[in-house]
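Notes for the one structure printed next.
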Amino acid sequence: MGFIEIGYIYKSHGYKGNVLAKITEPNPDLFHSIDAIFLDISTPPVPFFCERFTIQKKDQALIHFEDINSEEEAKSLIGKKLLLPDEVYHKAEIDGPKRFKGWQLKLDDGSELGKIEDIEETGASAFAILFFDDDELFIPIHDDFIVKEDIANKTLIMKLPDGILNIND
């Protein structure tokens, strides 16, 4: 089973076992449906069940794990990576193309277009927004164009219709 790092614990918070975590996952909506997070305490990583997981800022969360009830126990977790199994990560992602925000976009010929900066949804259509050669590109995200979702490397590989990259020329 593979794991994807979604953040790390950087400090304890209060005296009841809460911790603060830096979230590196670009999609904080992912956390609304997660019951357990794995920590890199040993090999394999150990599951910790969340009693509370609150996003405080875009990249910070307050977490209270089941059975961690003191400041000392919380401090023992500082520096530990927050991990999700690949299959849980994929199932827990929000539905639709928003999950690709922050991913790299590559073409099926191996050329790299760049990082997906945002996703714009308009009705039934969705577009990946990225910058390439000083131009803002809107690439349609459609199942027919997606060749592969490389979850471990956060890379979306697509085969685009001829001429779509030259549409503004």
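The values are calculated or read from the model by the stated rules, or taken from the named source; none is laboratory data. Everything numeric here is computed off the predicted structure, so don't read it as measured data. Using ideal geometry, Cβ is built from the backbone for each residue, glycine included, and neighbour counts are taken over all protein chains shown.
Some points to look at:
Conditions tested, residue by residue: (1) under 17 Å from the mean Cα position of the chain (by Cα); (2) at pLDDT below 90; (3) not hydrophobic (A, V, I, L, M, F, W, C).
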| residue | (1), (2), (3) |
| --- | --- |
| Lys80 | no, no, yes |
| Leu84 | yes, yes, no |
| Lys91 | yes, yes, yes |
| Arg99 | yes, yes, yes |
| Leu105 | yes, no, no |
| Lys115 | yes, no, yes |
| Asp135 | no, yes, yes |
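- Selection over the stretch 115-144 of residues that are closer than 27 Å to Ile6 by Cα and either touching a residue at least 60 places away in the same chain (Cβ under 8 Å) or not in a strand (DSSP E or B) (or both) gives a count of 5.
- Against the conditions (1) part of a loop (DSSP other than H, G, I, E, B); (2) farther than 22 Å from Glu25 by Cβ, Asn153 satisfies every one except (2).
- When restricted to residues that are of a type in the set (D, E, K, R), under 11 Å from Leu107 (Cα atoms) and surrounded by 16 or more Cβ atoms within 10 Å (Cβ to Cβ), the stretch 135-169 contains 0.
- Of the residues making up the stretch 13-36, one or more are polar (S, T, N, Q), in a loop (DSSP other than H, G, I, E, B) and either touching a helix residue (DSSP H, G or I) at 6+ places or on another chain (Cβ under 8 Å) or at pLDDT 90 or above (or both).
- Those residues of the stretch 119-130 which are at pLDDT 85 or above and not β-branched (Val, Ile, Thr), in sequence order: Glu120, Ala126, Phe127, Ala128, Leu130
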